[in-house]
Amino acid sequence: MSEKMDAHLIDIEVEEDGWLDALPDVQAVVQTGILAALKAVDVTEQTDIVVLLCDDAEMKSLNKEYRQKNAPTNVLSFPAPKMKGMAHLGDIALGLETCVREAEEQRKTLKNHVLHLSVHGTLHLLGYDHMTDEEAEEMENLERDILKSLNVADPYGPEHTHG
C-alpha cells in the first residue's frame, strides 16, 4: 500500500453475517471502493471512515430516523461535522437485501454494485451530492471515472437520465 492510502483508516463493521455469505470478500471490496474515491479527489490528509454492513431492517430504521423515509435503501452516508483537527469523514451504511436485489435487477455482480455504492457513499462524505441535475452530472461522471479505473462498467448506463 502507498503512503497516501496508509493515511486512511477504514473501519468496516459486519452487523449482518449474510454479507459474508453473499460476498465473502466484502470488506476488501468496500475498502477498494473507498480508497479509489479518496484517491480520485486527491484526499491525502489523515482520514477515517466507519462502514456498517447491515440488513434492510436496520437500513429502514436509519433511513426513517435520518431522512424521514420509511423504507430500506442501498446506501446511506452520514458526513461528520467539519472540525479542525478531526480526521473522521463520516459513516456509511450498506443494506444487504436491497444491494443484492438491485445487483440482480441491474444484471451486475454484487461485487461491482458494492464497489459503486462504496464510491458513491464516500463522495457524499466528501460533499458531493445529486440534488440538482448539475450536481448529479458532476457526481456521476466522477463515479464513472473512478469505477473505470477499477475495471467496472458505467453503473448508470446510456439510458440513465438525471432527475
- Query: Would it be correct to say that GLU102 is in contact with a helix residue (DSSP H, G or I) (Cβ under 9 Å, 6 or more places away or on another chain) and farther than 27 Å from ASN141 by Cβ?
  - Reply: no
- Note on the structure: Of the conditions (1) assigned to a loop (DSSP other than H, G, I, E, B); (2) under 17 Å from VAL152 (Cβ atoms), the single one that VAL30 does not satisfy is (1)
- Item | Contacts under 7 angstrom Cβ, first residue in the range 56-77 being of a type in the set (Ser, Thr, Tyr), partner assigned to a helix (DSSP H, G or I), 6 or more apart | THR73/MET59; THR73/ASN63; THR73/THR98; SER77/GLY121; SER77/HIS124; SER77/LEU125
- Note on the structure: The one condition ALA103 fails out of (1) over 10 Å from the mean Cα position of the chain (by Cα); (2) without any contact (Cβ under 8 Å) to a residue 60 or more places away in the chain; (3) more than 18 Å from PRO24 (Cα to Cα) is (3)
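Residue by residue, here is whether (1) touching a Ser or Thr at 6+ places or on another chain (Cβ under 9 Å); (2) modelled with pLDDT of 95 or more holds:
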| site | (1), (2) |
| --- | --- |
| LYS60 | yes, yes |
| THR73 | yes, yes |
| PHE78 | no, yes |
| PRO81 | no, no |
| GLY85 | no, no |
| HIS88 | yes, no |
- Message: modelled with pLDDT of 95 or more and farther than 21 Å from ALA93 by Cα: is that true of LEU115 in this structure?
- Response: no
- Message: Any residue in the range 124-152 that is under 19 Å from VAL75 (Cα atoms) sitting within a Cβ distance under 8 Å of a residue that is assigned to a helix (DSSP H, G or I) and among the β-branched types (Val, Ile, Thr)? List the pairs, counting only those 6 or more apart or interchain.
- Response: GLU143/VAL119; ILE146/VAL119; LEU147/VAL119
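Yes/no matrix, rows are residues, columns are (1) closer than 12 Å to VAL51 by Cβ; (2) among the aliphatic types (A, V, I, L, M):
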{"position": "ILE92", "(1), (2)": "yes, yes"}
{"position": "LEU96", "(1), (2)": "no, yes"}
{"position": "VAL100", "(1), (2)": "no, yes"}
{"position": "LYS111", "(1), (2)": "no, no"}
{"position": "SER118", "(1), (2)": "yes, no"}
- Message: Can you tell me how many residues within the range 145-163 are within 26 Å of HIS88 (Cβ to Cβ) and either touching an Asp or Glu at 6+ places or on another chain (Cβ under 9 Å) or not in a helix (DSSP H, G or I) (or both)?
- Response: 2
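The values are calculated or read from the model by the stated rules, or taken from the named source; none is laboratory data. Because the structure is predicted, anything quoted here is derived from the model rather than measured. Virtual Cβ from ideal backbone geometry, glycine too; neighbours counted across all protein chains shown.
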